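**Student:** The following block contains the structure, expressed as structure tokens.
The values are calculated or read from the model by the stated rules, or taken from the named source; none is laboratory data. Note that the coordinates shown come from a computational prediction; the quantities given were computed from them, not determined experimentally. Cβ placement follows ideal geometry from the backbone for every residue including glycine, while neighbour counts extend to all protein chains displayed. When the accessible area is computed, the model is the full protein with side chains, heavy atoms only, and any ligands, DNA or RNA have been set aside. Shrake-Rupley method; radii C 1.70, N 1.55, O 1.52, S 1.80 Å.
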Amino acid sequence: MPDLLYLLRKRWKQIVGIVIFSLLIATLIVFLQPRKYLGESTALRASSYTTDKASVFSKNIEGLYSTLGSADDLDMIIGTAQLDTVYLAMTDVFNLVDHYKIKGKPEVLRQKAADRLKKDSWVKKSGFGELKVMVWDKDKNLAAELANGIMDKLQSIHQQLLNESNFSTLSGLRSGAGKIQAAIDSLTAIQLGVGEKNIDMISRLALLEKQRLQYEELIGEYQLMVETKQPALLIVERARPGIKPDRPERLPILVTTALLSLLFALLLALLLEGLESRKAI
């Protein structure tokens, strides 16, 4: 195996030339790429127990559960962030077809803009169990607005899902209360028609009235839960316009290019030296 110093002295021009050529190409590519700013929004998962009526109105269990969800609860939200629904909504809100200057058939412009946003976005779970929404864009203000918009859309989708059971229960309670009220009205009309008090009918009316009051109490509690609109995400920090561009990271890219090209040049020089040695033999 040739001595490294000998190899450097003999082929330094080729090695330096490869490194310089690689740096020139990398510099040209890096500086031609548009600089993009990062908008980053952070949130924590709210506990699903906050949408349970018992967690609010029961004194026995209200302190058993944390208001924060676990890190594993974020997986479903991250899965939702992979759907086109979120990005199509942002495309409409921020008119991204014009912003990205998308060209093509009218029927595919919206989807192309959504795909572009999805490519320039990243929704992930941090090592600390936080939900991170990151968006890169040439416009630093729009990058922050898009990150906040995606976070708000995820919030809206999962807030509705979490409260769906309360909506369904409230609808059932109202239907049941209506049937009980109809039964009370019917028995009252019968009693008035008879013109005399009937003990069985009075007992039946008392029982129905008690049930009606119980229904009304439950309806009030579930109505409060529905109107409260418990959040699915707790926003920790909303995205702000970046101070300086985040992409491309020019210096790290050029340093990496220099090191890799130097390694390649040394390996190439070593290969050429070995071929020359074999020819000499």
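The rows are residues; the columns are (1) closer than 28 Å to Thr42 by Cβ; (2) aliphatic (A, V, I, L, M); (3) touching a Gly at 6+ places or on another chain (Cβ under 8 Å).
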| site | (1), (2), (3) |
| --- | --- |
| Gly149 | yes, no, no |
| Glu164 | yes, no, no |
| Asp185 | no, no, no |
| Asp200 | no, no, no |
| Leu208 | no, yes, no |
| Gly242 | yes, no, yes |
| Ile253 | yes, yes, no |
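**Student:** Here's a follow-up. Would you confirm, using the coordinates I've provided, whether Gly149 is part of a loop (DSSP other than H, G, I, E, B) and either within 16 Å of Leu233 (Cβ to Cβ) or touching a Phe, Trp or Tyr at 6+ places or on another chain (Cβ under 6 Å) (or both)?
**Tutor:** The answer is no for Gly149.
**Student:** Please specify each residue of the stretch 232-245 satisfying the condition of being among the hydrophobic types (A, V, I, L, M, F, W, C) and either surrounded by 15 or more Cβ atoms within 10 Å (Cβ to Cβ) or within 17 Å of Ile18 (Cβ to Cβ) (or both).
**Tutor:** Correct list: Ala232, Leu233, Leu234, Ile235, Ala239.
**Student:** Continuing with the same structure: Report the residue count in the stretch 130-146 for those that are in contact with a Gly (Cβ under 9 Å, 6 or more places away or on another chain) and not in a helix (DSSP H, G or I).
**Tutor:** The qualifying residues number 5.
**Student:** Is there a residue in the stretch 246-264 that is within 30 Å of Leu154 (Cα to Cα), without any contact (Cβ under 8 Å) to a residue 40 or more places away in the chain and either in contact with a Ser or Thr (Cβ under 6 Å, 6 or more places away or on another chain) or open to solvent by 40 Å² or more (accessible area, probe 1.4 Å) (or both)?
**Tutor:** Yes, the stretch 246-264 has at least one match.
**Student:** So if I check each of Gly69, Gly39, which one is surrounded by 12 or more Cβ atoms within 10 Å (Cβ to Cβ) and modelled with pLDDT of 75 or more?
**Tutor:** The conditions single out Gly39.
**Student:** Next question. When you go through Arg240, Arg174 one by one, which is the residue that is in a helix (DSSP H, G or I) and of a type in the set (D, E, K, R)?
**Tutor:** Of the residues listed, the single one that is in a helix (DSSP H, G or I) and of a type in the set (D, E, K, R) is Arg174.
**Student:** Which one is farthest from Gly178 (Cα to Cα) among residues in the stretch 208-231 that are open to solvent by 70 Å² or more (accessible area, probe 1.4 Å) and modelled with pLDDT of 80 or more?
**Tutor:** Leu224
**Student:** Among the residues of the stretch 99-118, how many are assigned to a helix (DSSP H, G or I) and either touching a helix residue (DSSP H, G or I) at 6+ places or on another chain (Cβ under 6 Å) or over 10 Å from Tyr87 (Cα atoms) (or both)?
**Tutor:** The qualifying residues number 11.
**Student:** So Ser261 clears everything in (1) at pLDDT 90 or above; (2) under 30 Å from Met151 (Cβ atoms) except one condition, right? Which one?
**Tutor:** (2) is the only condition that Ser261 fails.
**Student:** Among the residues of the stretch 118-146, which ones are closer than 16 Å to Arg238 by Cα and among the acidic types (Asp, Glu)?
**Tutor:** Glu130, Glu145
**Student:** Still on this structure, I have one more. Would you pick out the residues in the stretch 79-96 that are under 25 Å from Asp139 (Cα atoms) and open to solvent by 30 Å² or more (accessible area, probe 1.4 Å)?
**Tutor:** Gln82, Leu83, Asp84, Thr85, Leu88, Asp92, Val93, Phe94, Asn95
**Student:** Quick one: in the stretch 158-199, of everything that is open to solvent by less than 40 Å² (accessible area, probe 1.4 Å) and within 30 Å of Val123 (Cα to Cα), which residue is modelled with the highest pLDDT?
**Tutor:** Residue satisfying both the conditions and the ranking: His158.
**Student:** Within the stretch 120-127, does at least one residue satisfy the condition of being surrounded by fewer than 17 Cβ atoms within 10 Å (Cβ to Cβ) and part of a helix (DSSP H, G or I)?
**Tutor:** no
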